[in-house]
Amino acid sequence: MSPRTLAAIEAAALPILAVAAALLAFGLFAAWGGYPPLEVWRLLFVGAFGDAFSWQNSLQRAAPLMLTALCVAIPAQAGLMVIGGEGALVVGALATAAMPYLLAVPAGIAGTGLLLVAAILGGAAFGALIGAMRQWRGVNETISGLLLAYLVINLFKHVVEGPMRDPASLNKPSTRPLEESLLIGTLPGMDVHWGLVWGVIACAAASLWLLLTTHGFATRVVGGNPRAAGLVGLPAHRLVITACALGGAAAGLAGGFEVAAVHTAANASVISGLGYAGILVSFVARHQPLAIIPVAIVLGGFGAAGSLLQRRLGMPDASVQVLLGFAFVLILAAEVGRGRLRWPGSRSRSAA
C-alpha cells in the first residue's frame, strides 16, 4: 500500500479504535461500580439508536455539537487549537436573548432571522478576538479561549440574573421568554428542531470552502506550513482571524438555537458543556467538517442514552460523561500513533 493509502486507513481507524477502547473502558468502569457491563453496552446503543424516539433524541443532541465542533475544526485547519466554543455559544445565546431588549424585533421568520444573525455575529466577534490576540499579540489561543469563555460565562450569569432578569422567573433566573412567533419549530414529523439542518449545512459548507475555494486552500496552507505561506505572500493574519471568526460564528449560531428552539429564554441551562463536548467531536472527526456529522450523531446518541441507563440500572445520568472523558483521553493518545502503525507486507511510512 502507498503512504497515502496508509494515511487514509489510519485517519479512519485510529478514531474508531479509540472510541471502541473508550467503550471497553466504560464497561470496566461500570463493572467496578457493580453494574453488568454487557447490559450497559446494550443500553447505550438501544438508548441512542434503538427506536424512532431514541433517534430523535440523538439527533436533537447532535445539532449543537455539529456547530460547536466547527468552532474547533475550522481554526484547526489554520493551525490553531481554539477550545473556546462554550464561550462563543454563550455569547450567541446572550445576543439572541438581548435583541428584544434592544430593538423592536419584527414578528415571524424575519425576526427569527434577525435573532440568529445576532447570535452569529456575537460568536464571530468572540472567535475573531481569540485569533487577533494570537496573531497580533502572540497570546496562546488555547489559553485565551478558555479564559475568555470563563469571562463571558460569568458575564452571562450577571446579565441574566441582573439587568435582563424577567421578574416572573422566580426559582430559575431567566431573561424574558421570546415571543411565540420568534421561536424555531421542529422538522416536519419529528421532534428535532431546525438546528440539525443548519448544523449539517454548516459542516457541508465548511468542507466545500476548505476543498474548493482558493481562500480555503490558503487557510490550509497557513495551517500546514506557516513558513511556506509567508514565502508565497499569503495574508496569514487575515486568514487565521477569519478562520477563528467562522468557527466562533458556528458556535454562536448553536447558542442562538439553544435560546430560540430549546429554552425559549437565556438562563443557566444554556451553559451545559456543549462547547466542550464539541471539542471531543472535532478531535474524533480529525477536524474534518464532513466527518463531524456522523461523529456528532454517535456521541450525541451516547449522551441521550444516559437517561436510559439511569432508569434501567440506576446509574447516574452523568455517568456517560465518564465515557466521553475516556474517549477524549484515548483520542489524544491515538494521535501519538499517527504514522507509526506497521501493516503486514508494508514498510513503515517513515521508511517509505
Q. When region 313-336 is examined, which residues are found to be in contact with a helix residue (DSSP H, G or I) (Cβ under 6 Å, 6 or more places away or on another chain) and either surrounded by fewer than 16 Cβ atoms within 10 Å (Cβ to Cβ) or modelled with pLDDT under 85 (or both)?
A. Asp317, Ala334
Q: Can you work out which of the residues in region 10-58 that are touching a residue at least 12 places away in the same chain (Cβ under 8 Å) and of a type in the set (Val, Ile, Thr) is surrounded by the fewest Cβ atoms within 10 Å (Cβ to Cβ)?
A: Val46
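Which one is surrounded by the most Cβ atoms within 10 Å (Cβ to Cβ) among residues in region 137-150 that are assigned to a helix (DSSP H, G or I) and in contact with a helix residue (DSSP H, G or I) (Cβ under 7 Å, 6 or more places away or on another chain)?
Residues of region 137-150 that are assigned to a helix (DSSP H, G or I), as a first pass: 137, 141-150.
If we keep only those that are in contact with a helix residue (DSSP H, G or I) (Cβ under 7 Å, 6 or more places away or on another chain) as well, we get 141, 144-145, 148-149.
Details: Glu141: 23, Ser144: 19, Gly145: 33, Leu148: 19, Ala149: 24.
Among them, the one singled out is Gly145.
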Q: Considering every residue within region 244-253, establish whether at least one is over 30 Å from Ser54 (Cα atoms) and exposed (fewer than 15 other Cβ atoms within 10 Å of the Cβ).
A: no
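Taking Asp166 as the residue in question, decide whether it is among the acidic types (Asp, Glu) and either within 21 Å of Ala268 (Cα to Cα) or assigned to a helix (DSSP H, G or I) (or both).
Details: among the acidic types (Asp, Glu): yes; either within 21 Å of Ala268 (Cα to Cα) or assigned to a helix (DSSP H, G or I) (or both): yes.
Yes; evaluated as a whole, the condition is true for this residue.
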Q.
Residue pairs, Cβ under 9 Å, 6 or more apart or interchain, first in region 259-274 and closer than 19 Å to Pro100 by Cβ, second crowded, with 22+ Cβ neighbours inside 10 Å and of a type in the set (Phe, Trp, Tyr). List them.
A. Ala266/Phe156; Val270/Phe156
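Being buried (at least 18 other Cβ atoms within 10 Å of the Cβ), in contact (Cβ under 8 Å) with a residue 24 or more places away in the chain and either over 28 Å from Phe156 (Cα atoms) or polar (S, T, N, Q) (or both) narrows it down to one residue among Gly79, Gly85; which is it?
Details: Gly85 fails: either over 28 Å from Phe156 (Cα atoms) or polar (S, T, N, Q) (or both).
When all the criteria are applied, what remains is Gly79.
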Q.
With the structure loaded, tell me whether Pro15 is in a helix (DSSP H, G or I), in contact with an Asp or Glu (Cβ under 8 Å, 6 or more places away or on another chain) and within 30 Å of Ala243 (Cβ to Cβ) or whether it fails that test.
A. no
**Q.** Residue that is surrounded by the fewest Cβ atoms within 10 Å (Cβ to Cβ) [pool: residues in region 151-208 that are of a type in the set (Asp, Glu) and touching a residue at least 24 places away in the same chain (Cβ under 8 Å)]
**A.** Asp191
Q. How about region 242-281: which of its residues are within 18 Å of Pro173 (Cα to Cα) and part of a loop (DSSP other than H, G, I, E, B)?
A. Thr264, Ala265, Ala266, Ile271, Ser272
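Scan region 4-62 for residues that are of a type in the set (Lys, Arg) and more than 18 Å from Ala296 (Cβ to Cβ) and jot them down.
Start the filter on region 4-62 by keeping residues that are of a type in the set (Lys, Arg), which leaves 4, 42, 61.
Across region 4-62, the qualifying residues are Arg4, Arg42.
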(Q) Tally up the residues in region 173-211 that are basic (Lys, Arg) and either part of a helix (DSSP H, G or I) or closer than 30 Å to Leu239 by Cβ (or both), please. (A) 0
(Q) When you scan region 117-138, do you find a residue that is among the small types (Gly, Ala, Ser) and farther than 22 Å from His237 by Cα, even just one? (A) yes
Q: Just need a number here: residues in region 83-135 that are touching a Cys at 6+ places or on another chain (Cβ under 8 Å) and on the phi > 0 side of the Ramachandran plot.
A: 0
Q. Based on what the data block shows, is Leu70 modelled with pLDDT of 95 or more and either under 30 Å from Asn140 (Cα atoms) or under 19 Å from the mean Cα position of the chain (by Cα) (or both)?
A. yes
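The values are calculated or read from the model by the stated rules, or taken from the named source; none is laboratory data. This is a predicted model, so every value here is computed, not measured. Neighbour counts are summed over all protein chains in view; Cβ atoms, including those assigned to glycine, are modelled from backbone coordinates with ideal geometry.
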